[in-house]
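Everything on this sheet refers to the single structure shown next.
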Amino acid sequence: METIEFSERLIERLKGATNVVVLTGAGMSAASGVPTFRGKDGLWNKFNPQELANVDAFLNDPKLVWEWYNWRRELIGKVQPNLGHYALVDAEAYFPEFMIITQNVDNLHQLAGSSNVLELHGNVMRNKCMDCAAVYNGKHIDHNNIPRCPDCNGMIRPDVVWFGELLPQDVLQTAQAKAAAVDVFFTVGTSSTVEPAASLSYMAKGNGAYLVEINPEPTPLSDYADESIHIGADVYLPRLVIELDKIKRWTM
Ligand code: OAD
């Protein structure tokens, strides 16, 4: 296993922490084989989000948008959580309050077994009605014959947040309240460029949290974070759990 040094400052903060939050982005699932959005192999390098991930695109060509989401759903349906996801399940046991706030729509935290996951951008495995927002399970959608809502006859769409749309306001408010009152905040696998998710890390540190970024590449957050560790989430997080276990033994 690769050697990772844990700073005294981080260990001290973890020892006293009652409330820990992990904000995750697409890099969290990279080791599972889910493509990220930005960067050279990112989805937004190959596809145009204007054509696929906003409401006008859907109204203009719902078949194309559903074809793309069916493809993503199929891809995501075939992958498994990675060691990083499972490490976050184990990490729950070490703190009275532990929450994952994710920008990911891939359901992999839940599949791994994490019990406290806040989905900022929805879930690609669910559908919802365009008009009345009723939520339906994510059964396969025939893009040539897009179903209608049984209640209001609105068109069925993926239950994800598209560009130009507001995040679910109750979810965002919970995330902001958490970020404002947390001891240690980990920002994992995100380019920290998409708002309002990106602001949560700044909010956390601004309110006194110790802010740790985990990302193989530097991001706009790197200089602001207390520590920015340039390593994959699937490598760092299992190592973090070993460290948490050591801390628990020393403090018992
Ligand atoms: P991005 O694609 O913008 O960023 C992914 C980040 O993951 C990059 O900074 C990579 O360096 C990093 N990364 C790659 N492999 C990694 C690994 N093994 N471990 C840790 N980090 C790794 O994805 P997000 O920041 O999640 O929005 O993007 C935010 C939002 O933009 C997404 O939720 C999506 C997208 O448009 C919606 O779908 C609404």
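The values are calculated or read from the model by the stated rules, or taken from the named source; none is laboratory data. Please read all numbers here as calculations on a predicted model, not as lab measurements. Cβ: placed from backbone, ideal geometry, glycine included. Neighbour counts: every protein chain shown. Protein only, heavy atoms only, side chains kept; ligands, DNA and RNA dropped before computing areas. Shrake-Rupley method; radii C 1.70, N 1.55, O 1.52, S 1.80 Å.
Below are the figures for this structure:
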| read-out | value |
| --- | --- |
| Protection-proxy order for peptides 97-105, 112-120, each taking the mean of Cβ atoms within 10 Å per residue, highest first | 97-105, 112-120 |
| Cβ crowding within 10 Å averaged over residues, with 137-148, 231-242 ranked highest first | 231-242, 137-148 |
| P(r) tail fraction, the stretch 67-116 - alpha-carbon pairs more than 16 Å apart, % | 44 percent |
| Under-5 Å amide H pairs with Ser7, H placed in peptide plane, nonlocal only | none |
| Percent RCO, i.e. relative contact order, over the stretch 4-106, from Cα pairs under 8 Å lying at least 6 residues apart | 43 percent |
| Projected-area mean, the stretch 1-105, by convex hull of Cα positions, square nanometres | 9.1 nm² |
| DSSP-defined beta bridges in the chain - what % are antiparallel, rounded to 5 | 30 percent |
| Solvent-accessible area per residue for the stretch 80-214 (1.4 angstrom probe, square angstrom) | 42 Å² |
| Cα centroid separation, the stretch 106-163 to the stretch 190-228 (Å) | 28 Å |
| Packing-based ranking, highest mean first, of 11-22, 46-57 given that Cβ atoms within 10 Å are counted | 11-22, 46-57 |
| Qualifying lysines (Cα of each under 19 Å from Cα of Lys128; at least 8 residues distant if same chain) | Lys63, Lys139 |
| Rounded D (µm²/s) - the stretch 137-215, Kirkwood Rh over Cα pairs, Stokes-Einstein at 20 °C, 1.002 mPa s | 140 µm²/s |
| For the stretch 1-65, accessible area per residue (1.4 Å probe, heavy atoms of protein chains only), Å² | 54 Å² |
| Dimensionless Rg over Rh [the stretch 66-188; C-alpha; Kirkwood] | 1.01 |
| Within the accessible area of the stretch 1-146 (1.4 Å probe), percent carbon and sulfur | 49 percent |
| Projected area averaged over orientations for the chain, convex hull of C-alpha atoms, nm² | 13.6 nm² |
| Share of carbon and sulfur in the accessible heavy-atom surface of the stretch 164-220 [1.4 Å probe, %] | 56 percent |
| Alpha carbon centroid spacing (whole Å) that separates the stretch 50-86 from the stretch 164-183 | 24 Å |
| Taking the chain and dividing mean pair separation by its residue count, relative contact order in percent (alpha carbons under 8 Å, at least six apart) | 24 percent |
| Nonlocal amide H pairs with Leu118, under 5 Å, H built at 1.01 Å | Ile100, Ile101, Thr102 |
